[in-house]
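Here is the structure we will look at.
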Amino acid sequence: MSTPSAIRKVYEGIADRHQMFRMFDRHAQRPHRFEGDASSLYAGEWFEITEREHDYMFEILPPLWIRGSMFAMREFLTGSVTSIFYALRIDEVIRHFHGYCDLSDRGSVEDMRLAIIERETRPVRAMTRDERLEHIWSVTADAYRGYSDETAAQYLPGQRVIALYTGAGSARLKLLDDLTGDEIATKLPVQLRHLPAAAVAA
């Protein structure tokens with residue numbers, strides 16, 4: 001199972017400590033978790049955190065390295081992927097972010113820093129379809145999300161599935177990527193449902 005390692009925002013808003021720790025391993029339910037290299041699943045994911053959580057993570061262990069307003073966690077998640085924490089000045093405000101970078105790619109840390117700044121300096125608050133799907137995945141409890149397996153009617157190895165409920169209260173699983181606009185709106189928190197669609201960066 002593999003997905004592209006594009007740099008991507010996976011949560012809209014500022015994550016508190018509970019949500020931050022949940023998102024550190026958004027793919028814990030993946031099949032054959034302890035087999036193969038899962039680097040591509042995690043590398044490129046980022047989200048915003050509070051200054052308090054940023055400082056908390058800095059104090060847990062001595063960082064692997066500190067570079068200006070960035071530091072890397074000493075413990076690697078998988079392969080050469082580890083947590084990078086950023087304190088970035090955006091529109092004259094210092095904001096804090098967590099991202100997963102593959103340190104085998106020497107440019108990954110700087111590429112992510114630039115991508116976060118570009119994304120967060122857009123003049124209009126908006127979300128792409130992919131960002132909406134990633135937010136849904138991030139906030140859905142483990143009991144209501146998972147991965148397709150051989151029991152699925154149309155088995156697609158490693159594809160993410162999410163539980164949908166009918167008016168009668170019955171549940172069915174649907175591929176996350178196949179959610180319709182209405183289904184996405186239903187799954188999003190109320191305050192995010194009517195955000196305009198963001199342009200996808202080239």
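In this structure, does Asp111 turn out to be in contact with a Lys or Arg (Cβ under 8 Å, 6 or more places away or on another chain), open to solvent by 30 Å² or more (accessible area, probe 1.4 Å) and either of a type outside the set (A, V, I, L, M) or within 24 Å of Ile94 (Cβ to Cβ) (or both)? So Asp111 does not fit the description; no. Here Arg74, Arg30 are screened, and the one residue that is assigned to a loop (DSSP other than H, G, I, E, B) and touching a strand residue (DSSP E or B) at 6+ places or on another chain (Cβ under 9 Å) is Arg30. For Asp178, the criteria (1) of a type outside the set (Lys, Arg); (2) surrounded by fewer than 10 Cβ atoms within 10 Å (Cβ to Cβ); (3) at pLDDT 80 or above hold in every case but one, which is (2).
Got at least one residue in the stretch 115-134 being under 16 Å from Phe24 (Cβ atoms) and either touching a helix residue (DSSP H, G or I) at 6+ places or on another chain (Cβ under 8 Å) or buried (at least 20 other Cβ atoms within 10 Å of the Cβ) (or both)? Within the stretch 115-134 (the criterion being under 16 Å from Phe24 (Cβ atoms) and either touching a helix residue (DSSP H, G or I) at 6+ places or on another chain (Cβ under 8 Å) or buried (at least 20 other Cβ atoms within 10 Å of the Cβ) (or both)), the answer is yes, since at least one residue qualifies.
Considering the stretch 37-76, and only residues there that are out of contact with any His (no Cβ under 8 Å at 6 or more places or on another chain) and of a type in the set (Ser, Thr, Tyr), the residue that is least open to solvent (accessible area, probe 1.4 Å) turns out to be Ser39.
Taken residue by residue, the stretch 78-101 has no member that is of a type in the set (Asp, Glu) and not in a loop (DSSP other than H, G, I, E, B).
The values are calculated or read from the model by the stated rules, or taken from the named source; none is laboratory data. Predicted, not measured: the structure shown is a model, and the values here were computed from it. Glycine also receives a Cβ, built like all others from the backbone with ideal geometry; neighbour counts cover every protein chain displayed. Remember, those area values only see protein heavy atoms, side chains included, never the ligands or the DNA or RNA. Shrake-Rupley method; radii C 1.70, N 1.55, O 1.52, S 1.80 Å.
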